[in-house]
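The values are calculated or read from the model by the stated rules, or taken from the named source; none is laboratory data. Because the structure is predicted, anything quoted here is derived from the model rather than measured. Backbone-built Cβ (ideal geometry, glycine too); neighbour counts: all protein chains shown. All accessible areas refer to the heavy atoms of the entire protein, side chains included, with ligands and DNA or RNA removed. Shrake-Rupley method; radii C 1.70, N 1.55, O 1.52, S 1.80 Å.
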Amino acid sequence: MDHSIIFAGNPNVGKSTIFNALTGLNQHTGNWSGKTVDSASGTYLFNEDIYRIYDLPGTYSLNSDSPEEEISRQIITAYNADLTVVIADATCLVKGINLLLSILKINKRVVLCINLADEAKRNGIKIDIDLLEKHLKIPIISISAKRKKDILSFKTFIEKQLRNDFDHRPFFEGKSTMKTATDICGLCVTRKSSRASACIYDKILTSRRYGIPIMLCFLCAVLWVTVSGANYPSQLLFDMFSHIKIYLDKFLDYIYINQTIKSILIDGIYHTTSWVVSVMLPPMLIFFPLFTLLEDIGFLPRIAFNLDKCFKCAGTCGKQALTMCMGLGCNAVGVTGCRIISSEKERIAAMITNCFMPCNGRFSMLITLSAIFIGGAFTGMANSFLAALFVLLLIILGILTTFMVTKIITKLLKYNNTNFILELPSYRRPQILKTIFRSIYDRTLVILKRAVLVSIPAGVIIWVMANIYIGSTSAFNICADFLDPFARILGLDGVILLAFVLALPANEIVLPIIIMGYLSSGQMTDNISLTELHTLFVANNWTIVTAINVMLFSLLHFPCATTLLTIKSESKSWFWTFMAFAIPTAVATITCISVNLCSILVENLYILFK
Amino acid sequence: MNFFSLNNLECGEFAYIYSINTTTEIKKRLEEFGFFPESLISPAFRSPFRCLTAYRIIDSLVAIRDDIAEKIIVIKSAEVKY
């Protein structure tokens, strides 16, 4: 038999964790409200029956305030599921029961699952389940989603409830649902220990003196570990792909494939894809697990808390800090995350400015160029430390640009301001190995897969541009020469600017296109060390100013095609999608022109006074 | 009885909410987090830039801005401080 079940509940109660445990899927989980912004579905088999689960974004009530709450409300009210499971946090039961009571007014087939029972026990919280069942008049189960035996108990509980008749609908009248929930919890929940220890961490992390510096230190530390840890694995991957290429070459010769097609496959697709994997994968394997650990501990909402003043000055709210953090991995994910912002004008501003956070594709290029030109003058730890510091400065510049552009956009738009209310979850001990594995699987590999899929057609386009000749010049060089005068104003050259244009499908391929353009070989290079890259760039008239302009343009320019399509899907507006392309391009252009002019001025002054 | 606006409560002091004088929309949203008359509330800590305060209310920590907090009227409780 086939059964449909809805998982509803407040944000950050563990719906997705239970969903993943049941279905084996990998919904993204983390310790902050608003993690899930879209409904997801999955199935599991139990005792020869199929159970289809719909995991909804968290909602505090059925009065929808933001888009993801609207999704939950619509599905709960309109979809005729066999059972609705309201999942509540045992450490904060009142809000969960408030939502439960709201749902019970419209739907009788509801049960309650109290999650995080282990955390409640650790915090000295005792819940009298029998008394709670007596008051609520619905079946209740208490579990800890991390424990396998609890998940099995949950499956058995669901199976049993689906056979129940839910004729008797509990009836609550008079007081508001929140008042009723508070009264019921007052009778059924006892708490003995204080929360002093949690406050100590919060007092340090949010203090006037230490709060912001600690945040910056965490970010710098994560970046430094990423920069210093990524180089050696990248080189190993380059070597591995070079060896595979030899066998691939022989295989294609063996099957007598046409030489042009072979060139497209190897020099176009294989080289582009292997570059993307070699450059992207090592930083992602380090950055994402570290970031996910911070996320699981509960650090991210504290960032939103600390920075709310800055966002308020920009006309928005601290929740944008969370969407910017998501954008550090992938801007398309950051744009989707903007659903947690309830005000439409702030949501649009957050979507348009999300690209000022360097996504993983641009991240790797910033690290490479920073390591070559900024850290390159030094050796050992100083090299990686300075490179990381410069990348941190670029991220801070991205943040400041976000504030500035957000302020302008929110001033021009006339929608209502947000009512910023942020729940700060308790700190949770992360399950380190599980977190690392999960971040590798559901972040790293997913983004890598997208990058590989995008780099395949991009590789074909690059090959065509580099190998189709008009007269004695390739199409690539013709386009580069055409763009060169404008690029020079930006402190770049035609090859660099063309690389950015061709890399619209994926930012990861900017650097390999630049290298291919300079080598004029019609193919991507196999194996190029940082030293060789430096030599190549210098031979093509790069200076430190060129490198800085390239990094600035990379940081601030238009988002990739996937992000633009996501913006169209979220905003439902071609106008805002166009603005999401035009505004960052304008900002990047103005910034690079300014830096270029300043460098020319400084150079001339130096010559004058020398 | 001494009435205060919530933003004037010191960290660690307890108070009961007396009334919420915001728009209906904000009031509804606050209610979802446990902000309603007779709720016990206590400021836990303030943000570095002092525009946001985290309040302990009904077993959770909820941060609201001072411009909303000043519209919430509370009566100080004589209970134990943190």
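Check every one of the strands (runs of 3 or more DSSP E) wholly within chain B and list those with 1 or more residues that are farther than 18 Å from A:GLU423 by Cβ and away from chain A (no Cβ under 11 Å). Hits in chain B: B:3-5, B:15-20, B:72-76.
Does segment A:110-138 hold any residues that are free of Cβ contacts under 8 Å to residues at least 60 places away in the same chain and surrounded by 19 or more Cβ atoms within 10 Å (Cβ to Cβ), and which are they? A:VAL110, A:VAL111, A:LEU112, A:ILE114, A:ALA117, A:ALA120, A:LEU132, A:LEU136, A:ILE138 - these are the residues of segment A:110-138 that are free of Cβ contacts under 8 Å to residues at least 60 places away in the same chain and surrounded by 19 or more Cβ atoms within 10 Å (Cβ to Cβ).
Could you tell me whether A:VAL545 is modelled with pLDDT of 80 or more, open to solvent by less than 60 Å² (accessible area, probe 1.4 Å) and assigned to a helix (DSSP H, G or I)? Can you show your working first?
Details: modelled with pLDDT of 80 or more: yes; open to solvent by less than 60 Å² (accessible area, probe 1.4 Å): yes; assigned to a helix (DSSP H, G or I): yes.
So A:VAL545 passes the test.
Applying the condition of being open to solvent by 50 Å² or more (accessible area, probe 1.4 Å) and assigned to a loop (DSSP other than H, G, I, E, B) to segment A:499-541 and asking which residue is modelled with the highest pLDDT yields A:ASN541. Going by the conditions given, is A:PHE403 within 14 Å of chain B (Cβ to nearest Cβ), closer than 23 Å to A:THR591 by Cα and either of a type outside the set (Gly, Ala, Ser) or open to solvent by 40 Å² or more (accessible area, probe 1.4 Å) (or both)? In short, yes.
With respect to (1) at pLDDT 85 or above; (2) open to solvent by 10 Å² or more (accessible area, probe 1.4 Å); (3) of a type in the set (Ser, Thr, Tyr), the lone exception for A:THR316 is condition (2).
Does A:SER207 qualify as being within 12 Å of chain B (Cβ to nearest Cβ), modelled with pLDDT of 80 or more and assigned to a loop (DSSP other than H, G, I, E, B)? Give the steps one after another, and end with the answer.
Values: within 12 Å of chain B (Cβ to nearest Cβ): yes; modelled with pLDDT of 80 or more: yes; assigned to a loop (DSSP other than H, G, I, E, B): yes.
In short, yes.
Taken over segment A:564-610, the criterion of being assigned to a helix (DSSP H, G or I), charged (D, E, K, R) and under 26 Å from the mean Cα position of the chain (by Cα) is satisfied by A:LYS568, A:GLU570. Within segment A:342-366, restricting attention to residues that are of a type in the set (Ser, Thr, Tyr) and touching a Ser or Thr at 6+ places or on another chain (Cβ under 8 Å), the residue that is surrounded by the most Cβ atoms within 10 Å (Cβ to Cβ) is A:THR353. Taken as a whole, the condition of being within 14 Å of chain B (Cβ to nearest Cβ), more than 25 Å from A:ILE367 (Cβ to Cβ), of a type outside the set (Asp, Glu) and in contact with a helix residue (DSSP H, G or I) (Cβ under 8 Å, 6 or more places away or on another chain) does not apply to A:LEU265.
Among the residues of segment B:20-30, none qualifies, meaning not one is over 12 Å from the mean Cα position of the chain (by Cα), open to solvent by 40 Å² or more (accessible area, probe 1.4 Å), within 23 Å of A:TYR210 (Cβ to Cβ) and not small (Gly, Ala, Ser).
Looking at the structure I just gave you, is A:THR273 of a type in the set (Ser, Thr, Tyr), under 21 Å from A:ILE462 (Cα atoms) and open to solvent by 40 Å² or more (accessible area, probe 1.4 Å)? Give the derivation first.
On the way: of a type in the set (Ser, Thr, Tyr): yes; under 21 Å from A:ILE462 (Cα atoms): yes; open to solvent by 40 Å² or more (accessible area, probe 1.4 Å): no.
For A:THR273, the condition - of a type in the set (Ser, Thr, Tyr), under 21 Å from A:ILE462 (Cα atoms) and open to solvent by 40 Å² or more (accessible area, probe 1.4 Å) - is not met.
Does A:GLY268 count as on the phi > 0 side of the Ramachandran plot and either open to solvent by less than 40 Å² (accessible area, probe 1.4 Å) or part of a helix (DSSP H, G or I) (or both)? Answer is no for this residue.
Of all residue pairs spaced 6 or more apart or on separate chains, those with beta-carbon atoms under 8 Å, a first member in segment A:224-239 that is under 15 Å from A:MET280 (Cβ atoms) and a second member that is acidic (Asp, Glu) are A:PHE238/A:ASP526.
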